[in-house]
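Here's the structure we're looking at; comments come further down.
The values are calculated or read from the model by the stated rules, or taken from the named source; none is laboratory data. What you see is a predicted model, and the numbers here were worked out from it, not measured in a lab. Cβ placement follows ideal geometry from the backbone for every residue including glycine, while neighbour counts extend to all protein chains displayed. To get the accessible areas, we keep the full protein, side chains included, count just its heavy atoms, and leave off ligands, DNA and RNA. Shrake-Rupley method; radii C 1.70, N 1.55, O 1.52, S 1.80 Å.
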Number of protein chains: 2
Amino acid sequence: MKRIKYGLSAIGLAVGMAMSGTSFIAFATEPTLSKADFEKAQLHYFQRCAGCHGVLRKGATGKNLEPENTLKKGQKRLEKIISLGTEGGMNNFDDLFSKQEIANLATFIQMEPPVPPEMSLAQMREHTKQYIAPKDYPTKPMHGRNWENFFVVIERDAGKAAIVDGDTKEIVTHIDTGYAVHVIKGTEHHKTQHTKDTGRFWYTIGRDGKVNKIDLWQTPDKMLVAETKMAYDARDIAVSGDGKYVIAGGYWPAHFVIMDAVTLNPLKVVSTRGYNTKGEFINEARVAAIYTTPNEPTFLVAVKELGQMWQVDYRDLDNLRIEQINSAEFLHDGFFDPTGRYFQIAANASNKMVVVDTKDRKLEKMIDVDALPHPGPGANWIDDKCGPVGGTTHLGVGLVSVWGNDPMGHPDQAWKLCYEVETDGAGVFIRTHETSDYVWADQLKHPEPEIQQSVQVFDKKTREIVKTIRVTEEPGKAALHIEFNKGGSEVWVSVWNRKDSKNPTGEIVVYDAKTLKEKARIKGLTTPTGKFNVYNRMNHKT
Amino acid sequence: MKRIKYGLSAIGLAVGMAMSGTSFIAFATEPTLSKADFEKAQLHYFQRCAGCHGVLRKGATGKNLEPENTLKKGQKRLEKIISLGTEGGMNNFDDLFSKQEIANLATFIQMEPPVPPEMSLAQMREHTKQYIAPKDYPTKPMHGRNWENFFVVIERDAGKAAIVDGDTKEIVTHIDTGYAVHVIKGTEHHKTQHTKDTGRFWYTIGRDGKVNKIDLWQTPDKMLVAETKMAYDARDIAVSGDGKYVIAGGYWPAHFVIMDAVTLNPLKVVSTRGYNTKGEFINEARVAAIYTTPNEPTFLVAVKELGQMWQVDYRDLDNLRIEQINSAEFLHDGFFDPTGRYFQIAANASNKMVVVDTKDRKLEKMIDVDALPHPGPGANWIDDKCGPVGGTTHLGVGLVSVWGNDPMGHPDQAWKLCYEVETDGAGVFIRTHETSDYVWADQLKHPEPEIQQSVQVFDKKTREIVKTIRVTEEPGKAALHIEFNKGGSEVWVSVWNRKDSKNPTGEIVVYDAKTLKEKARIKGLTTPTGKFNVYNRMNHKT
């Protein structure tokens, strides 16, 4: 399994030109595995390692794991790292894999990384199917429930999405989706279009690239209406403002796919492989996140390793206009300001929040924040001194950073840090509501169970933490992700059942948004993760 | 040298999903070569085969030459094909390579194609140098010659460009350039900008990706002023309408690079790898040709294997706007209509002329023509019945196709075939001038020496061939490429010295544009190929 060296001298290249991408490795005893062990290790790598290290092992959030690096470390040292994790932030895997599985993984990463296949439009179309023909879609809701207060909930390790009635707290149904859904998005109101069925259709994207379409007007048994597959590994999805198109982004292949929102028929695929802001070619230039712009006829595609936001105009797919907006590596996730003009996204390897002006389709600003910003759905509110502000949690530190985001009304405060709030632990998600006095932040990344199981709430006026809420005390459980209901009177927090992640022993805990007191527990959910309130999401209530 | 199969079943892919890009080849005795022979065969392949078959051997103009196909043919059959050529249009190579070299090439193409390295901006910058510092550029011409009637002439197999004085017919100098320069472009007048030094600076692009800048105001010994390298294999170059940027396109890596036109410092690199019009991923999506648009602040990048024209706006490199315009495979070369709004380019595998509307940045039309259209610099003129027309020669047939290209004034004729003129042989270049009654076409692709050595001239009014001109009768020579002088009173035709291609035994033959009689022979040129008259090119006189 040696690579072939490309004879640079043979094609008359100048001496001294550094080679990239290929190298000649010669060693007497190559680490190797049986075919069965290789495929199993490859599967484990794909499921648990590729997210941070990349399928080609070039590294991103995690380190480069190509043989030229891993061979130097050797089998024993690699086994130890995989078992126990690192100071640098890598988890331990000795609770997930057996000793033999860890040994095989250590060997696998010393072998040449296999390159996964490409996927053509024709291959995607083979997976497109209608469970309900569009002509049979109902013209009004087929149930008496208040569907605008539904929560669409990711049940990560079940490969399902749960529909939860926000009024009654009942689980309406569980819908089969792709593996480990990362995000679910619904149709949203657009500046140029508000229709009576906005918010009705929801689209899930599995880590396996499977796309499912959900119709909230259907009876529970018929809510899954269509399906396709657009990649082998994927993370995000969005719906165009006119409701005509769905776009999803691939980790592998590195591309985005625009589909017909009615049938999910893939119409257009565009590669995101390219050059990062330093001018280095990145084969695995992954689409981390995709959003629809509330005011413009465009999508925003965050190309993680390129440090570029691509603003893609969906009005003419055959003459596709894209602005490739340079910012900083590695782009992760973000949210709009209240006007919908500016998009605020974390560049987590650069410790920056990047701001894109979607009207002028250009970079507006970059704001220095702390280690590994990660806003999740984000939070916007009004600060007494700075005016309109946005805020983010950080994966690397227990801190909420808050910046001004109103360049028209508050130019002096715009895109500058306004203040910071220290929390007990590093977190993943922040959230508030326009009717609420408070901002909520989780602490999922903190190693201590007590902190990981608690969310913190701070006051918009005093900028002080007013309450630490222990959401669960059960061993092996953690609290994460906050979402308000329609109207903002309730706050929903997820509880992951990490140690029993295949069974419906997770829950959502509902709090009163004013008194901050527990109101209800919704049980019977498997690793509930992201929750999306239909009304808030379709109206861009962040 | 086996490829590693990516275990699709392991990552839960549906059965029946066809694999692309990887396959598992097992054979008892693998064809192989010594390192030295491998590198030599690789060099021969790169120089003589990659242009049609691609460095990755996926095929384009030529057939796919991956091991799964070549192994079936076997060593003997492959040697025969390389020696004698094919009916399908491949040349014989037994006059170029020895028997052993052909045998090694046959073995080489049965081995896995080595993937050439990438090239970063930093690597390109290592090759950037100034022979004359920009501060030392003269402020007026340093010689008394009429530089606007200079011809910049490619001397292909010498790796040089000759500067020829169009008034005196003297060779002013030979300038070192990259290997086998394909195209040379100068600064051009733009709708928004006419400066007194437009046409002064010229830029060459070698097949080896080397870029050289020529200053026609300098004394002959100082005309080469700057240099860089933007790829390992390249074909075309252009200068922005504002004179600020130079853009060049790579065959490998598949990308385009925007450089500072003063220093040639590479500023921006953009990958062209992507999906063709059928939605299949193309790793080797080569930039066949690049043009500057006369009216818009954009470049047109023809991405050959994608069948896409990319219109690239150069006003903001950090927020780079690109329209990816779908048309047809494989895009090759083209020319503007007289208004500068429409670009007409050959899609030679589809037998179409593609028309791009550069104002609206979209596909205008596709015109069906005959086998393998190839206009080279192209020709526009006025036809009595159809009004303004454009025309192309074909590589596959002795035919000039003529279409209307004035959608405003002659909407009924626009983008439809107006008429065809049969010539004696398939050709590569067509040319005329607004002051001329005639259109000239070469016949370089015809196998008979007599026809290959002749160009044909037809009358714009009668649409009939009025003269066949035997440009040379010397064995091993061929006539090609036509260019008018400033003012249009002369027609210059190149004579290739194919059998003696390393020596200056080629020539340019000058004809009177009215009488069609020979006027002069300019000797001392090595394989003179494309010729670019400064005045005509800077004023878009096609």
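If you go through region A:362-373 and pick out every residue that is part of a strand (DSSP E or B) and open to solvent by 20 Å² or more (accessible area, probe 1.4 Å), you end up with 6.
Residue count for region A:181-199 satisfying the condition of being part of a loop (DSSP other than H, G, I, E, B) and more than 24 Å from A:Val491 (Cα to Cα): 6. Only a single criterion out of (1) under 25 Å from the mean Cα position of the chain (by Cα); (2) surrounded by 17 or more Cβ atoms within 10 Å (Cβ to Cβ) is not satisfied by A:Lys460, namely (1). Quick one: in region B:420-451, of everything that is in a strand (DSSP E or B) and over 30 Å from B:Tyr535 (Cβ atoms), which residue is least open to solvent (accessible area, probe 1.4 Å)? Here the answer is B:Glu420. Which of (1) modelled with pLDDT under 95; (2) within 15 Å of the chain's Cα centre (by Cα) does A:Ile247 not meet, given it meets every other one? Of the numbered conditions (1) modelled with pLDDT under 95; (2) within 15 Å of the chain's Cα centre (by Cα), the odd one out for A:Ile247 is (1). Give the residue, chosen from B:Leu264, B:Leu331, that is touching a residue at least 40 places away in the same chain (Cβ under 8 Å) and outside the structural domain of B:Ile184 (by TED's automatic domain parsing). Only one candidate qualifies: B:Leu331.
Within region B:90-110, residues that are in contact (Cβ under 8 Å) with a residue 60 or more places away in the chain have Cβ atoms under 8 Å from residues that are open to solvent by 30 Å² or more (accessible area, probe 1.4 Å) and basic (Lys, Arg) in these pairs: B:Glu101/B:Lys40; B:Asn104/B:Lys40, counting only partners at least 6 apart in sequence or on another chain. In region B:60-78, the residues that are over 24 Å from B:Asn348 (Cβ atoms) form Cβ pairs under 9 Å with partners that are acidic (Asp, Glu) and assigned to a loop (DSSP other than H, G, I, E, B), at six or more places apart or across chains, as follows: B:Pro67/B:Glu112.
Just to check your reading of the model, which residue among A:Thr529, A:Thr542, A:Thr505 is of a type in the set (Val, Ile, Thr), modelled with pLDDT under 95 and open to solvent by 10 Å² or more (accessible area, probe 1.4 Å)? None of the other options fit; the residue is A:Thr542. Screening region A:310-329 for residues that are more than 7 Å from every other protein chain (Cβ to nearest Cβ), more than 19 Å from A:Val246 (Cα to Cα) and in contact with a Leu (Cβ under 9 Å, 6 or more places away or on another chain) and picking the one that is surrounded by the fewest Cβ atoms within 10 Å (Cβ to Cβ) gives A:Glu329.
Can you name the residue in region B:30-61 that is closer than 20 Å to B:Asp236 by Cα, open to solvent by 30 Å² or more (accessible area, probe 1.4 Å) and more than 10 Å from every other protein chain (Cβ to nearest Cβ) and, of all such residues, is modelled with the lowest pLDDT? Per the stated criteria, the residue is B:Thr61. Looking across region A:200-215, the residues that are open to solvent by 10 Å² or more (accessible area, probe 1.4 Å) and in a strand (DSSP E or B) come down to A:Phe201, A:Lys210. For region A:256-268, residues that are open to solvent by 10 Å² or more (accessible area, probe 1.4 Å) and within 11 Å of chain B (Cβ to nearest Cβ) total 2. Among the residues of region B:269-292, those identified as assigned to a strand (DSSP E or B) and more than 11 Å from chain A (Cβ to nearest Cβ) are B:Val287, B:Ala288, B:Ala289, B:Ile290, B:Tyr291, B:Thr292. The residues listed here are A:Lys359, A:Lys385; of these, the one that is in contact (Cβ under 8 Å) with a residue 60 or more places away in the chain, more than 21 Å from the chain's Cα centre (by Cα) and open to solvent by 10 Å² or more (accessible area, probe 1.4 Å) is A:Lys359.
On the stretch given as region B:463-472, residues that are exposed (fewer than 13 other Cβ atoms within 10 Å of the Cβ) and within 13 Å of B:Asn497 (Cβ to Cβ) total 0. Has region B:211-226 got any residue that is within 14 Å of another protein chain (Cβ to nearest Cβ), under 22 Å from B:Arg125 (Cβ atoms) and within 24 Å of the chain's Cα centre (by Cα)? Yes, there is a match, as at least one residue in region B:211-226 is within 14 Å of another protein chain (Cβ to nearest Cβ), under 22 Å from B:Arg125 (Cβ atoms) and within 24 Å of the chain's Cα centre (by Cα).
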